[in-house]
Ligand SMILES: [Mg+2]
(Lines give C-alpha, C1' and ligand atoms only; values in the text may rest on other atoms or scores of the structure.)
Protein backbone atom coordinates (compact mmCIF):
# COMPACT_ATOMS: atom_id res chain seq x y z
CA UNK A 1 0.00 0.00 0.00
CA UNK A 2 1.34 3.48 -0.91
CA UNK A 3 0.97 6.34 1.58
CA UNK A 4 0.64 10.01 0.61
CA UNK A 5 4.26 10.88 1.41
CA UNK A 6 5.36 8.19 -1.03
CA UNK A 7 3.31 9.91 -3.76
CA UNK A 8 4.95 13.24 -3.00
CA UNK A 9 8.48 11.89 -3.20
CA UNK A 10 7.74 9.99 -6.43
CA UNK A 11 6.41 13.19 -8.00
CA UNK A 12 9.55 15.07 -6.93
CA UNK A 13 11.65 12.27 -8.38
CA UNK A 14 9.98 12.70 -11.77
CA UNK A 15 10.82 16.41 -11.61
CA UNK A 16 14.43 15.64 -10.74
CA UNK A 17 14.08 17.14 -7.27
CA UNK A 18 15.43 14.48 -4.99
CA UNK A 19 14.62 15.13 -1.37
CA UNK A 20 13.68 12.10 0.61
CA UNK A 21 10.79 13.10 2.79
CA UNK A 22 9.31 9.67 3.09
CA UNK A 23 10.14 7.27 5.89
CA UNK A 24 9.74 4.38 3.48
CA UNK A 25 11.85 5.62 0.55
CA UNK A 26 15.63 6.01 0.36
CA UNK A 27 17.67 7.73 -2.34
CA UNK A 28 20.72 5.78 -3.45
CA UNK A 29 23.60 6.76 -5.67
CA UNK A 30 25.42 3.99 -7.56
CA UNK A 31 28.45 3.96 -9.87
CA UNK A 32 29.20 1.84 -12.90
CA UNK A 33 32.33 -0.31 -13.35
CA UNK A 34 34.32 2.77 -14.54
CA UNK A 35 33.37 4.81 -11.50
CA UNK A 36 30.87 6.96 -13.42
CA UNK A 37 27.89 7.94 -11.29
CA UNK A 38 24.59 6.48 -12.40
CA UNK A 39 21.27 8.39 -12.13
CA UNK A 40 19.90 8.60 -8.61
CA UNK A 41 17.42 5.87 -7.70
CA UNK A 42 14.58 5.70 -5.22
CA UNK A 43 14.44 2.49 -3.26
CA UNK A 44 11.48 1.50 -1.16
CA UNK A 45 12.46 0.35 2.32
CA UNK A 46 10.39 -1.77 4.61
CA UNK A 47 8.97 0.19 7.52
CA UNK A 48 10.90 -1.95 9.97
CA UNK A 49 14.28 -1.15 8.41
CA UNK A 50 13.49 2.56 8.62
CA UNK A 51 12.36 2.26 12.21
CA UNK A 52 15.73 1.39 13.67
CA UNK A 53 19.19 0.55 12.39
CA UNK A 54 19.37 -2.51 14.63
CA UNK A 55 16.17 -3.81 13.05
CA UNK A 56 17.73 -3.26 9.65
CA UNK A 57 20.62 -5.57 10.52
CA UNK A 58 18.43 -8.19 12.16
CA UNK A 59 16.26 -8.06 9.08
CA UNK A 60 19.22 -8.72 6.78
CA UNK A 61 20.42 -11.60 8.90
CA UNK A 62 16.96 -13.13 8.95
CA UNK A 63 16.91 -12.92 5.15
CA UNK A 64 20.23 -14.74 4.95
CA UNK A 65 19.00 -17.50 7.19
CA UNK A 66 15.82 -18.02 5.21
CA UNK A 67 16.66 -17.67 1.50
CA UNK A 68 14.55 -19.12 -1.25
CA UNK A 69 14.20 -22.90 -1.29
CA UNK A 70 16.22 -24.75 -3.92
CA UNK A 71 13.26 -26.75 -5.21
CA UNK A 72 9.56 -26.07 -5.50
CA UNK A 73 7.01 -27.39 -2.97
CA UNK A 74 6.37 -31.11 -3.29
CA UNK A 75 4.17 -31.95 -6.28
CA UNK A 76 0.98 -33.95 -5.63
CA UNK A 77 2.40 -37.02 -7.39
CA UNK A 78 5.14 -37.21 -4.75
CA UNK A 79 2.88 -36.39 -1.83
CA UNK A 80 3.74 -38.48 1.23
CA UNK A 81 7.00 -39.75 -0.26
CA UNK A 82 10.30 -39.23 1.45
CA UNK A 83 12.91 -37.25 -0.46
CA UNK A 84 16.10 -39.02 -1.58
CA UNK A 85 19.13 -36.87 -2.39
CA UNK A 86 21.67 -38.72 -4.52
CA UNK A 87 25.23 -37.68 -5.19
CA UNK A 88 26.50 -38.25 -8.75
CA UNK A 89 30.28 -38.72 -9.07
CA UNK A 90 31.83 -41.74 -7.37
CA UNK A 91 28.37 -42.63 -6.03
CA UNK A 92 26.49 -43.43 -9.26
CA UNK A 93 29.18 -42.99 -11.93
CA UNK A 94 32.85 -42.26 -12.47
CA UNK A 95 33.94 -39.91 -15.24
CA UNK A 96 37.27 -39.31 -16.87
CA UNK A 97 38.86 -37.30 -19.65
CA UNK A 98 40.94 -40.36 -20.53
CA UNK A 99 39.77 -42.41 -23.48
CA UNK A 100 38.67 -45.82 -22.24
CA UNK A 101 35.95 -48.40 -22.83
CA UNK A 102 32.94 -46.83 -21.14
CA UNK A 103 29.15 -46.89 -20.75
CA UNK A 104 28.51 -43.25 -21.71
CA UNK A 105 30.52 -40.91 -23.88
CA UNK A 106 29.61 -37.30 -24.52
CA UNK A 107 31.22 -34.02 -25.49
CA UNK A 108 31.49 -31.01 -23.27
CA UNK A 109 32.07 -27.48 -24.62
CA UNK A 110 33.75 -25.08 -22.22
CA UNK A 111 35.14 -21.73 -23.34
CA UNK A 112 35.14 -22.82 -27.02
CA UNK A 113 37.03 -26.01 -26.21
CA UNK A 114 35.53 -29.44 -26.80
CA UNK A 115 36.22 -32.14 -24.24
CA UNK A 116 35.31 -35.81 -24.50
CA UNK A 117 33.95 -37.29 -21.28
CA UNK A 118 34.13 -41.05 -20.68
CA UNK A 119 31.71 -42.31 -18.05
CA UNK A 120 31.55 -45.66 -16.28
CA UNK A 121 28.25 -46.55 -14.61
CA UNK A 122 28.37 -48.18 -11.18
CA UNK A 123 27.08 -51.78 -11.39
CA UNK A 124 23.27 -51.91 -11.20
CA UNK A 125 22.88 -48.12 -11.37
CA UNK A 126 20.05 -48.27 -13.93
CA UNK A 127 17.97 -50.63 -11.78
CA UNK A 128 18.87 -48.63 -8.66
CA UNK A 129 17.63 -45.34 -10.15
CA UNK A 130 14.46 -46.95 -11.51
CA UNK A 131 13.52 -48.32 -8.09
CA UNK A 132 14.51 -45.14 -6.25
CA UNK A 133 12.22 -43.11 -8.51
CA UNK A 134 9.32 -45.39 -7.61
CA UNK A 135 10.01 -45.17 -3.87
CA UNK A 136 11.02 -41.53 -3.43
CA UNK A 137 10.96 -38.00 -4.67
CA UNK A 138 14.52 -38.03 -6.07
CA UNK A 139 16.95 -35.13 -6.23
CA UNK A 140 20.39 -35.46 -7.80
CA UNK A 141 22.61 -33.03 -5.94
CA UNK A 142 26.16 -32.79 -7.25
CA UNK A 143 29.06 -30.51 -6.43
CA UNK A 144 30.04 -30.69 -10.10
CA UNK A 145 29.38 -27.95 -12.62
CA UNK A 146 26.04 -27.90 -14.38
CA UNK A 147 27.76 -27.80 -17.80
CA UNK A 148 29.11 -31.31 -17.13
CA UNK A 149 26.45 -32.82 -14.88
CA UNK A 150 23.30 -31.80 -16.75
CA UNK A 151 24.06 -33.65 -20.04
CA UNK A 152 25.31 -36.62 -18.03
CA UNK A 153 22.07 -36.84 -16.00
CA UNK A 154 20.13 -36.57 -19.27
CA UNK A 155 21.90 -39.71 -20.42
CA UNK A 156 21.46 -41.52 -17.09
CA UNK A 157 17.81 -40.61 -16.60
CA UNK A 158 16.56 -41.66 -20.01
CA UNK A 159 12.94 -42.00 -18.86
CA UNK A 160 13.00 -38.53 -17.24
CA UNK A 161 11.88 -39.78 -13.82
CA UNK A 162 14.21 -37.61 -11.72
CA UNK A 163 12.37 -34.34 -11.04
CA UNK A 164 15.17 -32.23 -9.53
CA UNK A 165 18.86 -31.56 -10.18
CA UNK A 166 21.10 -29.34 -8.11
CA UNK A 167 24.65 -28.39 -9.05
CA UNK A 168 27.73 -26.73 -7.59
CA UNK A 169 26.06 -23.34 -7.48
CA UNK A 170 23.61 -24.73 -4.91
CA UNK A 171 26.40 -25.92 -2.60
CA UNK A 172 27.49 -23.98 0.46
CA UNK A 173 31.25 -23.37 0.65
CA UNK A 174 32.61 -24.19 4.10
CA UNK A 175 36.39 -24.36 4.67
CA UNK A 176 36.91 -24.47 0.89
CA UNK A 177 34.67 -27.54 0.57
CA UNK A 178 31.33 -27.85 -1.19
CA UNK A 179 28.66 -28.78 1.34
CA UNK A 180 25.09 -29.78 0.45
CA UNK A 181 22.81 -28.01 2.90
CA UNK A 182 19.67 -30.13 3.00
CA UNK A 183 17.81 -27.45 4.95
CA UNK A 184 17.70 -25.44 1.70
CA UNK A 185 15.57 -28.06 -0.05
CA UNK A 186 12.36 -26.82 1.55
CA UNK A 187 11.49 -30.28 2.84
CA UNK A 188 10.89 -31.58 6.37
CA UNK A 189 14.30 -33.01 7.31
CA UNK A 190 12.61 -35.91 9.08
CA UNK A 191 11.76 -37.10 5.57
CA UNK A 192 15.06 -36.49 3.77
CA UNK A 193 17.92 -38.95 3.07
CA UNK A 194 21.21 -38.19 1.37
CA UNK A 195 23.39 -40.89 -0.20
CA UNK A 196 26.89 -39.59 -0.85
CA UNK A 197 30.42 -41.00 -0.95
CA UNK A 198 31.88 -37.81 0.53
CA UNK A 199 31.17 -37.19 4.25
CA UNK A 200 31.94 -33.48 3.90
CA UNK A 201 28.96 -33.17 1.55
CA UNK A 202 26.53 -33.95 4.35
CA UNK A 203 28.51 -32.44 7.22
CA UNK A 204 25.67 -30.00 8.02
CA UNK A 205 23.10 -32.81 8.41
CA UNK A 206 25.04 -36.03 9.15
CA UNK A 207 21.97 -37.62 10.74
CA UNK A 208 20.26 -37.66 7.34
CA UNK A 209 23.12 -39.44 5.64
CA UNK A 210 23.52 -42.95 4.34
CA UNK A 211 27.22 -43.26 3.52
CA UNK A 212 28.34 -45.22 0.48
CA UNK A 213 31.79 -46.39 -0.57
CA UNK A 214 33.58 -44.36 -3.23
CA UNK A 215 33.36 -46.16 -6.56
CA UNK A 216 35.79 -45.78 -9.44
CA UNK A 217 35.68 -48.87 -11.65
CA UNK A 218 35.26 -52.07 -9.62
CA UNK A 219 32.97 -54.33 -11.71
CA UNK A 220 32.36 -56.54 -8.65
CA UNK A 221 30.90 -53.68 -6.58
CA UNK A 222 27.52 -54.56 -5.00
CA UNK A 223 26.83 -51.45 -2.94
CA UNK A 224 23.82 -50.21 -4.92
CA UNK A 225 22.24 -53.66 -4.82
CA UNK A 226 22.62 -53.80 -1.04
CA UNK A 227 21.66 -50.20 -0.53
CA UNK A 228 18.37 -50.50 -2.37
CA UNK A 229 17.09 -52.91 0.29
CA UNK A 230 17.91 -50.36 3.00
CA UNK A 231 16.34 -47.51 1.04
CA UNK A 232 13.22 -49.54 0.42
CA UNK A 233 12.68 -49.72 4.18
CA UNK A 234 13.66 -46.09 4.74
CA UNK A 235 11.14 -44.99 2.14
CA UNK A 236 8.31 -45.73 4.57
CA UNK A 237 9.70 -44.56 7.91
CA UNK A 238 8.55 -41.28 9.39
CA UNK A 239 11.68 -40.07 11.16
CA UNK A 240 14.79 -40.67 9.04
CA UNK A 241 17.35 -39.13 11.47
CA UNK A 242 15.97 -41.16 14.38
CA UNK A 243 16.20 -44.45 12.48
CA UNK A 244 19.66 -43.72 11.06
CA UNK A 245 20.88 -42.72 14.50
CA UNK A 246 19.71 -46.04 15.95
CA UNK A 247 21.49 -47.92 13.19
CA UNK A 248 24.72 -45.96 13.62
CA UNK A 249 24.70 -46.65 17.36
CA UNK A 250 24.83 -50.34 16.45
CA UNK A 251 27.95 -50.10 14.28
CA UNK A 252 26.40 -49.07 11.01
CA UNK A 253 27.23 -51.24 8.05
CA UNK A 254 25.39 -51.93 4.85
CA UNK A 255 26.80 -55.40 4.42
CA UNK A 256 24.94 -58.61 5.15
CA UNK A 257 21.48 -57.06 4.71
CA UNK A 258 21.22 -56.87 8.50
CA UNK A 259 20.49 -53.17 8.41
CA UNK A 260 17.30 -53.40 6.42
CA UNK A 261 16.12 -56.28 8.56
CA UNK A 262 16.71 -54.15 11.65
CA UNK A 263 14.71 -51.27 10.17
CA UNK A 264 11.92 -53.60 9.19
CA UNK A 265 11.68 -55.26 12.60
CA UNK A 266 11.93 -52.12 14.72
CA UNK A 267 10.65 -49.16 12.76
CA UNK A 268 8.04 -50.36 10.29
CA UNK A 269 4.56 -51.48 11.29
CA UNK A 270 3.93 -55.16 10.65
CA UNK A 271 2.81 -56.17 7.17
CA UNK A 272 3.90 -52.92 5.56
CA UNK A 273 6.50 -52.70 2.86
CA UNK A 274 6.34 -56.16 1.28
CA UNK A 275 3.41 -55.68 -1.03
CA UNK A 276 4.27 -54.56 -4.53
CA UNK A 277 7.82 -53.79 -3.54
CA UNK A 278 9.65 -52.49 -6.63
CA UNK A 279 12.80 -54.16 -5.31
CA UNK A 280 11.41 -57.59 -6.16
CA UNK A 281 8.82 -56.38 -8.64
CA UNK A 282 8.48 -58.72 -11.62
CA UNK A 283 5.62 -56.96 -13.36
CA UNK A 284 2.86 -58.76 -11.45
CA UNK A 285 1.38 -56.96 -8.47
CA UNK A 286 0.96 -59.19 -5.45
CA UNK A 287 -1.68 -57.01 -3.90
CA UNK A 288 -4.35 -54.57 -5.07
CA UNK A 289 -6.47 -52.33 -2.90
CA UNK A 290 -9.60 -53.64 -4.67
CA UNK A 291 -8.81 -57.05 -3.19
CA UNK A 292 -9.49 -55.83 0.36
MG1 LIG B 1 30.73 -37.87 -4.96
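The values are calculated or read from the model by the stated rules, or taken from the named source; none is laboratory data. Since this is a predicted model, take the numbers as computed values, not measurements. Note: ideal-geometry Cβ built from the backbone for every residue, glycine included; neighbour counts use all protein chains shown.
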Item to check | In the range 78-91, the residues that are more than 16 Å from the ligand (Cβ to nearest atom) and either crowded, with 20+ Cβ neighbours inside 10 Å or in a loop (DSSP other than H, G, I, E, B) (or both) | outcome: 79, 80, 81, 82, 83
Checklist outcome for this item: Among strands (runs of 3 or more DSSP E) entirely inside the range 159-224, those with 3 or more residues being within 15 Å of the ligand (Cβ to nearest atom) and modelled with pLDDT of 95 or more are 192-196
Next on the checklist: Within the range 55-70, does at least one residue satisfy the condition of being under 25 Å from the mean Cα position of the chain (by Cα), at pLDDT 80 or above and under 22 Å from residue 142 (Cα atoms)?
Outcome noted: yes
Next on the checklist: Just to be sure before I move on: is residue 237 on the phi < 0 side of the Ramachandran plot, in the same structural domain as residue 120 (by TED's automatic domain parsing), in contact (Cβ under 8 Å) with a residue 24 or more places away in the chain and not in a loop (DSSP other than H, G, I, E, B) in the structure I sent?
Outcome noted: no
Checklist outcome for this item: If you go through 136, 141, 128, the only one that is away from the ligand (no atom under 16 Å from the Cβ) and either over 24 Å from the mean Cα position of the chain (by Cα) or crowded, with 20+ Cβ neighbours inside 10 Å (or both) is 136
Next on the checklist: Tally up the residues in the range 92-111 that are within 16 Å of the ligand (Cβ to nearest atom) and either farther than 30 Å from residue 192 by Cβ or touching a helix residue (DSSP H, G or I) at 6+ places or on another chain (Cβ under 9 Å) (or both), please.
Outcome noted: 4
